[in-house]
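These notes concern the structure reproduced below.
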């Protein structure tokens, strides 16, 4: 049962899946929305340019019906006159054509955005499979498209029938009206019918757009196995990533351990923490932590320091503060300058003593470490009853 559920497409498409579909030219589209946009824009443009187009048509018709004797007997002159008439008509209707072409190209991007993909033009031999072609014909999507087409034809036909029925008397009386009155009436009837039918198509597009978005999202849904596989491809296999992190930690630890012989002093807790510090007058603004660790790592730091004759000094409060508030390779906090300075002064005195003799320097018993930097100082004080001390 678990395997069956993993194979069902129940998960929403990931951004990577959607982006891959867009690269292949697969985006949501609504033909109904594009049709409405083209028809509505064409109607509004014709309505606004009606006077200009009417004048251009009248002028061209008048020029075409009026010609002199030379044009009637000279084919070249007649051809040039016809060319001029066609050119003037093309020039008059050019804005309308440009608007229609622009809307036809731009309308599909209203719900899918602009996408240009060469993969959409590549031949797919799977489409030549007759069995798959038949399955597409009888598929659920084809059935839905058939129902949509039938419903659209029925709705538009019904609306057109009512429009014509409502205006049947004015239509029948056109032959008895004067020319100008009849033309004006025809214009009104065509405009009313056009706007009514386009309004019906707007209603159809308002239903089709959400459906196309839903259909597109449903088509790109993923199985749980696909989600897991994509996660592995994107973020990497968790087991491999864990091994890489482990190797990185090991490499960082080896680099840290290799810096301990060059340290000036190792400050300890004495058992739980160990922090190795190095300072040079030239090139360093402040002492730097070259190694630090807790428990087993702290023990290893002390062993390496002992083997390489690096001074080990016990200062629990300072060790805890350095461990909690410094990173490898970083300078110590300014609040610990005084405490570390006392420790380093003792270290340098011990070097002089070992080299030249004299009085044995005394190790500082307490160093000025602010309580705010000591993690133990931030812990709540133990309750007397919990500590076994009578209140």
Next item on the list: Find all pairs meeting these conditions: Cβ atoms under 7 angstrom apart; at least six residues apart or on different chains; first residue within the range 60-72 and in the same structural domain as residue 84 (by TED's automatic domain parsing) and more than 16 Å from residue 87 (Cβ to Cβ); second residue in a helix (DSSP H, G or I) and at pLDDT 70 or above.
Entry: 67/81; 70/77; 71/77; 71/78; 71/81
Check: Restricting attention to the range 306-328, which residues are in a helix (DSSP H, G or I) and closer than 23 Å to residue 349 by Cα?
Finding: 306, 307, 316, 317, 318, 319, 322
Margin query: Can you pull out every residue in the range 242-257 that is without any contact (Cβ under 8 Å) to a residue 24 or more places away in the chain, more than 36 Å from the chain's Cα centre (by Cα) and either more than 14 Å from residue 291 (Cα to Cα) or surrounded by 11 or more Cβ atoms within 10 Å (Cβ to Cβ) (or both)?
Written below: 255
Notebook entry, point to check: Hey, does the range 215-222 have a residue that's part of a helix (DSSP H, G or I), surrounded by fewer than 12 Cβ atoms within 10 Å (Cβ to Cβ) and not assigned by TED's automatic domain parsing to the domain that holds residue 29?
Noted result: yes
Note to self: One residue is enough: does the range 329-343 have a residue meeting the conditions more than 17 Å from residue 260 (Cα to Cα), under 49 Å from the mean Cα position of the chain (by Cα) and outside any helix (DSSP H, G or I)?
What the structure shows: yes
Notebook entry, point to check: When the range 73-116 is examined, which residues are found to be assigned to a loop (DSSP other than H, G, I, E, B) and either more than 29 Å from residue 61 (Cβ to Cβ) or outside the structural domain of residue 52 (by TED's automatic domain parsing) (or both)?
Noted result: 107, 108, 113, 114, 115, 116
Next item on the list: Keeping to the range 264-283, report how many residues are touching a strand residue (DSSP E or B) at 6+ places or on another chain (Cβ under 8 Å), farther than 10 Å from residue 312 by Cβ and in contact (Cβ under 8 Å) with a residue 24 or more places away in the chain.
Entry: 7
Notebook entry, point to check: Got a number for residues in the range 352-361 being free of Cβ contacts under 8 Å to residues at least 12 places away in the same chain and either assigned to a loop (DSSP other than H, G, I, E, B) or surrounded by 13 or more Cβ atoms within 10 Å (Cβ to Cβ) (or both)?
Noted result: 5
Next item on the list: Tell me which of these residue 303 doesn't satisfy, since it passes every other one: (1) outside any helix (DSSP H, G or I); (2) on the phi < 0 side of the Ramachandran plot; (3) loosely packed, with under 15 Cβ neighbours inside 10 Å.
Entry: (1)
Check: Among 57, 39, which is closer than 29 Å to residue 209 by Cα and modelled with pLDDT of 80 or more?
Finding: 39
Notebook entry, point to check: Which one of these does residue 195 not meet: (1) surrounded by fewer than 11 Cβ atoms within 10 Å (Cβ to Cβ); (2) at pLDDT below 85?
Noted result: (1)
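The values are calculated or read from the model by the stated rules, or taken from the named source; none is laboratory data. Here the structure is a predicted model, which is why all the values come from computation and not from measurement. With ideal geometry, Cβ positions are generated from the backbone for all residues, glycine too; neighbour counts draw on all protein chains shown.
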